[in-house]
Amino acid sequence: MERDSHSASVSWCPLRSHEAPACNGHCKKAAANGAISPKSVPAPSNMVSAVSSMLLSLGEDPFRKELVGTPQRYVQWLMKFRACNLDVKLNGFTLNNLSVYESPAGDAADHRTIHSVLHLPFCAQCEHHLLPFYGVVHIGYFDNGDGEVIDRSHFQALVHFYGCKLQVQERMTRQIAEAVYSVSHCGAIVVVEANHICMISRGIEKIRSSTATIAVLGQFLTDPSAKACFLQNVLDTTGLAV
């Protein structure tokens, strides 16, 4: 099994920028590390006024020194997750035009070769509570027999495309798997491990809780040993049992 993984020793924070393709069809400019600068996202005045009203309803003074600018900053952050009507187009290339590179000499080049791309970070917005959920995505796929491997950066762009919007974890997992399967045509498996702020700050208040979801298509669905092989790889690398 081919493995492409990055260290996940540091918990990724949804309020910090990270190295991921930034533009989800909403912006023209991004920071050097690929993260969207909050200042590049306009803050509609009606939304800013609404947040100010929310602060007033909480008994706060939106003109208090510490809160001046808070409504605008919150709206700028929230606008990063607004709906996009674009087709699945990832920073200028479509899924059908993903660039590939030749696998190293000696690698198996038949349809039974499983490739793993692990620890792809994301931050999405829970559409039920308008609170972030964040974590990592692990992707496995069969190559199509030509020995070519999809570059990791394209998978990160794919994860960002489906993650940077109002979402639910189950749907995002399925959407990523379907997109990968449309490229590999053989088999795709996706595991998403996420921390939900709504589970931490409201309701059951489960601190340090995480949720894992899985989507399986193609040969991973019909071949239990292939599915088990990938899940064992995830377990060995992350300690996550699915």
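The values are calculated or read from the model by the stated rules, or taken from the named source; none is laboratory data. Small disclaimer: the values here were computed from a predicted structure and weren't measured. Quick reminder, even Gly has a Cβ in these numbers, built from the backbone with ideal geometry, and neighbours come from all protein chains shown.
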Checklist entry - Pick from Ala241, Ala212: which is at pLDDT 90 or above, surrounded by fewer than 20 Cβ atoms within 10 Å (Cβ to Cβ) and not charged (D, E, K, R)? => result Ala212
Checklist entry - Within the stretch 133-149, how many residues are farther than 15 Å from Tyr162 by Cβ and touching a Leu at 6+ places or on another chain (Cβ under 9 Å)? => result 1
Item to check | Residues that are touching a Gly at 6+ places or on another chain (Cβ under 8 Å) and over 14 Å from Ser116 (Cβ atoms), drawn from the stretch 223-242 | outcome: Asp223
Checklist entry - Got a sec? Which of Ser116, Ser103 is modelled with pLDDT of 90 or more and either buried (at least 19 other Cβ atoms within 10 Å of the Cβ) or assigned by TED's automatic domain parsing to the domain that holds Thr213 (or both)? => result Ser116
Checklist entry - Taking the stated definitions as given, is Val190 in a strand (DSSP E or B), under 12 Å from the mean Cα position of the chain (by Cα) and surrounded by 20 or more Cβ atoms within 10 Å (Cβ to Cβ)? => result yes
Item to check | Evaluation of Leu67 against (1) modelled with pLDDT of 50 or more; (2) touching a helix residue (DSSP H, G or I) at 6+ places or on another chain (Cβ under 7 Å); (3) surrounded by 16 or more Cβ atoms within 10 Å (Cβ to Cβ) (one fails), failing number | outcome: (3)
Item to check | Which numbered condition Phe220 fails, given (1) part of a helix (DSSP H, G or I); (2) within 29 Å of Ala83 (Cβ to Cβ); (3) modelled with pLDDT of 95 or more | outcome: (2)
